[in-house]
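*Asks:* Can you read through this structure? Questions will come right after.
The values are calculated or read from the model by the stated rules, or taken from the named source; none is laboratory data. Keep in mind it's a predicted model, so treat the numbers as computed, not measured. Virtual Cβ from ideal backbone geometry, glycine too; neighbours counted across all protein chains shown. Ligands, DNA and RNA are stripped out before the accessible areas are found, and what is left, the full protein with its side chains, is counted by its heavy atoms. Shrake-Rupley method; radii C 1.70, N 1.55, O 1.52, S 1.80 Å.
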Amino acid sequence: MDIYIKPIEKAQIIERKLVFLKDIAEVYIGGQTKGDIEGIVVFQITKDKDATYLISVMDVIRAINHQYPDATVSNVGEMDILVEYHHKAKKESKTLELLKVCAICVVLFAGAATTIMCFHSDTQLPLIFQNYYYMFFGENVDMPAILSVPYSIGLAVGVMVFFNHFSKISITDDPTPIEVEMSTYEKETNASIVDKLNKTNAKGGEGK
């Protein structure tokens, strides 16, 4: 019997301590039912506190072969699976969540505004506008509105186009730069956790 498994990078388990194959991987068996195989226990959580555990694909294959000795298991997914265990479901208040969102918005707005102002100061943008205005109109004006207003509008539009989202409206179906960075950050974080847990397990420890 040929069994194909596609483990995922990270799984989340809440309250229960048994981790089944279906929790961490997709299973395919040509022409046969996979219900029994998906119910194989591949890991058992031993602690009563929130922790992150590392399951190797070798552990998964051993668990399958223990139940089906004659099966040939092929892995087409991740080699290491992170299991994030929560002994209780987290219920965060909407008020606290809203406060966090507001705080992040304030920080991002202040940081972006400071960055733009520093850039304009370094590039001496007001002086550039003065020179442009003098070239076309022959007058010296400190901050010509005919240039600064369109520039400000264009800057705002450019930011919205770059980030590809404004409220619920999206220009394309492509992921936004923030989504790309978040995905990269999550992958790098998971890789770091895997390395840390591998070192911990090598020393005889478990979890995080």
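*Asks:* Against the conditions (1) assigned to a helix (DSSP H, G or I); (2) under 23 Å from the mean Cα position of the chain (by Cα); (3) surrounded by 11 or more Cβ atoms within 10 Å (Cβ to Cβ); (4) not hydrophobic (A, V, I, L, M, F, W, C), where does E97 fall short? Just the number, please.
*Replies:* All conditions are met except number (3).
*Asks:* Same structure again: What is the residue count in region 132-146 for residues that are under 20 Å from H120 (Cβ atoms) and either open to solvent by 80 Å² or more (accessible area, probe 1.4 Å) or under 44 Å from the mean Cα position of the chain (by Cα) (or both)?
*Replies:* Counting residues in region 132-146 that are under 20 Å from H120 (Cβ atoms) and either open to solvent by 80 Å² or more (accessible area, probe 1.4 Å) or under 44 Å from the mean Cα position of the chain (by Cα) (or both) gives 9.
*Asks:* Within the bounds of region 100-122, is there any residue that is within 30 Å of G39 (Cβ to Cβ), basic (K, R) and out of contact with any Leu (no Cβ under 8 Å at 6 or more places or on another chain)?
*Replies:* There is no residue in region 100-122 that is within 30 Å of G39 (Cβ to Cβ), basic (K, R) and out of contact with any Leu (no Cβ under 8 Å at 6 or more places or on another chain).
*Asks:* From the list E181, E188, E84, which one is under 20 Å from the mean Cα position of the chain (by Cα), surrounded by 11 or more Cβ atoms within 10 Å (Cβ to Cβ) and in a helix (DSSP H, G or I)?
*Replies:* When all the criteria are applied, what remains is E181.
*Asks:* While we're here: List every residue pair whose Cβ atoms lie under 9 Å apart, where the two residues are 6 or more positions apart in sequence or sit on different chains, the first residue falls within region 35-52 and is within 17 Å of A89 (Cβ to Cβ), and the second residue, located anywhere, is open to solvent by 90 Å² or more (accessible area, probe 1.4 Å) and at pLDDT 85 or above.
*Replies:* That search, which allows pairs on different chains as well, returns I45/R16.
*Asks:* Out of region 18-46, which residues are open to solvent by 60 Å² or more (accessible area, probe 1.4 Å) and more than 28 Å from Y185 (Cα to Cα)?
*Replies:* L18, Y28, G31, Q32, T33, K34, D36, V41, Q44, T46
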